[in-house]
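These notes concern the structure reproduced below.
A short reminder: the numbers here are calculations on the coordinates, not readings from a lab. Every value quoted in this text rests on a predicted model; they were computed, and no experiment measured them. Note that each Cβ is placed from the backbone with ideal geometry, even for glycine, and that neighbours are counted across all protein chains shown.
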Amino acid sequence: MGHATVSEQSRHKPPVVPGAAKSGGIKGLQGITATNSNTKISASRLRTVAAPSQSERLSAANLGLNSERMRTVMIERLLSQGITNDRVLAAMQLVPRHAFVDGALASRAYDDAALPIGHSQTISQPWVVARMISIAAEVPGAQKVLEVGTGCGYQAAVMAQVFSQVYSIERIRALYDMSREHLRALKLARIRLTYGDGMAGLPTAAPFDAIVVAAAGLKIPQALMNQLAVGGVLIAPEGSSTQRLVKIQRTGLTNWERQELEEVRFVPLKAGVQT
Ligand code: SAH
């Protein structure tokens, strides 16, 4: 294993904004709210891009042409936050994030935040999605990728614009069903969804060129590392109260190199399934 390099991200934790969840906060997650879950922990870089105006937000309730403009603002913000991969930016310009959240939250779908999707889970902050997929996209010729933690299906939809074979696994039955509906509505049914425990990976489809984990465990499961192709990369948050994005590259049959990236806050990676 290689040594860890810690990035120069600020350790500053943003204040928790109460009342962000659709029905009085996400229950059962200590200290985790819709605004700090599956997000980067750091002060945003200086924003040169204006957030959508109040009227843009309000009219986004009947998101028509407006969602295109809101996505453009989101893309400009991602650029200002250091996301540079053209394929990832193009994918996120295309995928309607508002179609993956509850209608009541649609007007906030392009905010720089995670949002609740029910069952104490969240749709990841756009920056988190962009960052993780950008790292996966650096693997030369990457085609077959696995996501652990489908949630509402948004990240899988973005991955499907960048990679030709996308597998995703979710442990909560209701979210698995919901993501299937979202992806079918967008004609993205070719994404292979599995209901199961992603800590075990998907041995029948392995090896993967990249694995993206959308929930944080204390330690990255060895089973997932074993399902990487040599040269492949795994990106996952690791830790409990303090978490970091970790990039692991498989450099040989028995060799993996580890690099620590930004401090983040994700929902927990849990064993087993929930019916
Ligand atoms: N990828 C989502 C983020 C979902 S939040 C997006 O597009 O925004 C993380 C998801 O990981 C949750 O739905 C949670 O249920 C799921 N999860 C947690 N542990 C898991 C496991 N062991 N296997 C599969 N999914 C898991």
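Report the extension gain between Leu253 and Leu94 in nm, rounded to one decimal, defined as 0.36 nm multiplied by the number of residues separating them, less their alpha carbon distance.
The Leu253-Leu94 span can extend by a further 53.5 nm.
How big, on average over all directions, is the shadow cast by the Cα convex hull of region 180-275, in nm²?
If I average the Cα hull's projected area over directions, I get 7.1 nm².
Taking 7 Å along the Cα-to-C-beta vector as the label spot, tell me the Asp86-Ser164 distance in nanometres, rounded to one decimal.
2.0 nm
If each of Gln143 and Thr72 carries a label point 7 Å out from its Cα toward its Cβ, how far apart are those two points in nm?
3.6 nm
Along the charge dipole of region 233-275, Cβ charges K/R +1 and D/E -1, which of Leu253, Gly272, Thr242 sits furthest on the positive end?
Gly272
Relative contact order, percent, of region 39-265 when contacts are C-alpha pairs under 8 Å separated by at least 6 residues?
It comes to 16 percent, rounded to a whole number.
Can you pick out the pairs among Lys144/Lys187; Lys144/Lys247; Lys219/Lys270; Lys187/Lys247; Lys40/Lys219 whose Cα atoms lie more than 21 Å from each other?
Cα-Cα > 21 Å for Lys187/Lys247; rest within.
Name the shape class, rounded, prolate or oblate, that the alpha-carbon gyration tensor gives for region 39-265, where a ≥ b ≥ c are the square roots of its eigenvalues, rounded holds for a/c under 1.5, and otherwise prolate holds if a/b is larger than b/c and oblate otherwise.
Prolate, because a/c is 1.5 or more and a/b exceeds b/c.
What FRET efficiency, computed as 1/(1 + (r/R0)^6) with R0 = 25 Å and r the Cβ-Cβ distance, is obtained for Ala271 and Thr242, rounded to the nearest 0.05?
0.75
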